[in-house]
1. More than 30 Å from Ser224 (Cβ to Cβ), within 16 Å of ligand 2 (Cβ to nearest atom) and either modelled with pLDDT of 95 or more or aliphatic (A, V, I, L, M) (or both): which single residue out of Val126, Val138, Val155 fits that description?
2. Open to solvent by 60 Å² or more (accessible area, probe 1.4 Å), away from ligand 2 (no atom under 15 Å from the Cβ), farther than 22 Å from Lys104 by Cβ and more than 21 Å from the chain's Cα centre (by Cα): does that describe Gln58?
3. Just the residues that are more than 16 Å from ligand 2 (Cβ to nearest atom) and at positive phi, please, taken from the stretch 295-329.
4. Could you tell me which residue of the stretch 285-296 is nearest to ligand 1 (Cβ to nearest atom), considering only residues that are part of a helix (DSSP H, G or I) and open to solvent by 10 Å² or more (accessible area, probe 1.4 Å)?
5. Tell me, which residue of the stretch 185-196 that is under 16 Å from the mean Cα position of the chain (by Cα) and among the hydrophobic types (A, V, I, L, M, F, W, C) is surrounded by the most Cβ atoms within 10 Å (Cβ to Cβ)?
6. Please specify each residue of the stretch 139-184 satisfying the condition of being away from ligand 1 (no atom under 16 Å from the Cβ), free of Cβ contacts under 8 Å to residues at least 60 places away in the same chain and either open to solvent by less than 10 Å² (accessible area, probe 1.4 Å) or not in a loop (DSSP other than H, G, I, E, B) (or both).
7. Pull up the stretch 96-123, narrow it to residues that are open to solvent by 40 Å² or more (accessible area, probe 1.4 Å) and within 16 Å of ligand 2 (Cβ to nearest atom), then point me to the one that is farthest from Met162 (Cα to Cα).
8. Against the conditions (1) without any contact (Cβ under 8 Å) to a residue 24 or more places away in the chain; (2) closer than 23 Å to Ser82 by Cα; (3) in a loop (DSSP other than H, G, I, E, B), where does Ala135 fall short? Just the number, please.
Amino acid sequence: MANKTLNRFYKFISNDIGIDLGTANTLVYLRGQGIIINEPSVVAVNQKTGRVVAVGAQAKQMLGRTPSHIVAVKPLVEGVVSDFEVTEEMIAYLVNKAQASSKKFLGPRVVVGVPYGITNVETRAVRDATRNSGAREVHIVEEPMAAAIGIRLPVKDPVGSMIIDIGGGTSDIAVISLGGIVRAKTLKIAGDKLNLDIISYIRSEFKILIGEKTAEQIKMAIGSVIPSDTPLEASIKGRDLVTGLPREVIITDGDIREAISQSIDHLIESVKEVLETTPPEIVSDVMSRGVHVVGGGALIKGIGELLAEHIRIPVHIAEDPLTAVARGTGIILENLENFREILIQNEDELPPQK
Ligand code: ADP
Ligand code: MG
């Protein structure tokens, strides 16, 4: 009871913020409001001064259009914090922006989702960076756990759930039960790799060079992993590798399927590997409850059917899969006490080791 009153008081004087620090997209959830920031995870840095000149969509816009001393940096590459200073700038920018919408007396409580398998050093860096941005409390959660909470899986119950998060830099496959990650695997085959697959396929099949942005657009427009009744087509413009001049070709969904098939096979194999090493009771839970897919890659056409066919377990594509982690951080914020045990413990708060 006292807790409830205290909670209401805190809500009045301070903001609670959830951050999904994705390799491709960074989202911010403001308690009471929902997702208020959804930006690419890109920071533009002036190399002469070392200063950050833009963050998010603005930074992405500058890619390839700026003087050479301004470079775009991705703070998280393949699920690893690649640049601590830039990560810190990114977090500070997000917290300030979230705060700006409704300034309160106290610094915010912040829940940050970090890639699964991140090292202690990296976790500490994220924690410190968040604290330096003015947070009163910092809580760190692994993204697969946050995503599972976001799509309302019963993570704390004695029942196994499997979640697959196909993001930009990495895909995480995790089995969760009793508030913990029982088995997991992270692989560097995700959205970015599919884009590169498409680039190299088009280079070798059509002798045309296209950029990553174009590859991503084609992937989203006509990418699929299962043939459909109505074939899809897209025209792409690139630089002819022989003449050096621009050229346009028509490619089909079949081309994209072929381009990405090896990566998709790897992904499916990894899911099988995780299932094979999962305790039998939990596998039987997963078989009856199905596997859940989140992240931008969940939107690849046919991915659910293809997976289900190979693992012989029902596959559910989450609704609004790109926001699952951010929504999860929001649910954790609403009920921090309830979720405390699933958070990554702060070493400073652990009892000294004997
Ligand atoms: P992260 O959590 O690593 O930031 P996201 O979950 O935000 O990643 O997913 C980003 C990835 O999802 C990108 O590689 C993007 O190309 C891909 N993606 C987004 N929408 C689609 C779509 N409709 N079809 C295929 N891939 C998509
Ligand atoms: Mg993610």
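The values are calculated or read from the model by the stated rules, or taken from the named source; none is laboratory data. Since we're looking at a predicted model, the values are computed, not measured. Cβ: placed from backbone, ideal geometry, glycine included. Neighbour counts: every protein chain shown. These accessible areas exclude ligands, DNA and RNA; they are computed on the full protein's heavy atoms, side chains included. Shrake-Rupley method; radii C 1.70, N 1.55, O 1.52, S 1.80 Å.
1. So the residue among Val126, Val138, Val155 that is more than 30 Å from Ser224 (Cβ to Cβ), within 16 Å of ligand 2 (Cβ to nearest atom) and either modelled with pLDDT of 95 or more or aliphatic (A, V, I, L, M) (or both) is Val126.
2. Against the criterion (open to solvent by 60 Å² or more (accessible area, probe 1.4 Å), away from ligand 2 (no atom under 15 Å from the Cβ), farther than 22 Å from Lys104 by Cβ and more than 21 Å from the chain's Cα centre (by Cα)), Gln58 does not qualify.
3. Correct list: Gly302, Arg312.
4. The first filter runs over the stretch 285-296 and keeps only residues part of a helix (DSSP H, G or I), leaving 285-289, 296.
Next, only the ones that are open to solvent by 10 Å² or more (accessible area, probe 1.4 Å) stay: 285, 287-289, 296.
Values: Asp285: 25, Met287: 26, Ser288: 27, Arg289: 22, Gly296: 2 Å.
Only one residue tops the list, namely Gly296.
5. The selected residue is Ala190.
6. Answer for the stretch 139-184, where residues must be away from ligand 1 (no atom under 16 Å from the Cβ), free of Cβ contacts under 8 Å to residues at least 60 places away in the same chain and either open to solvent by less than 10 Å² (accessible area, probe 1.4 Å) or not in a loop (DSSP other than H, G, I, E, B) (or both): just Ile176.
7. Taking the stretch 96-123 and keeping what is open to solvent by 40 Å² or more (accessible area, probe 1.4 Å), we get 96-97, 100-101, 103-106, 116-117, 119-121.
From what is left, the residues that are within 16 Å of ligand 2 (Cβ to nearest atom) are 116-117.
Numbers: Tyr116: 14, Gly117: 17 Å.
Looking at the filtered set, the residue picked out is Gly117.
8. (1)
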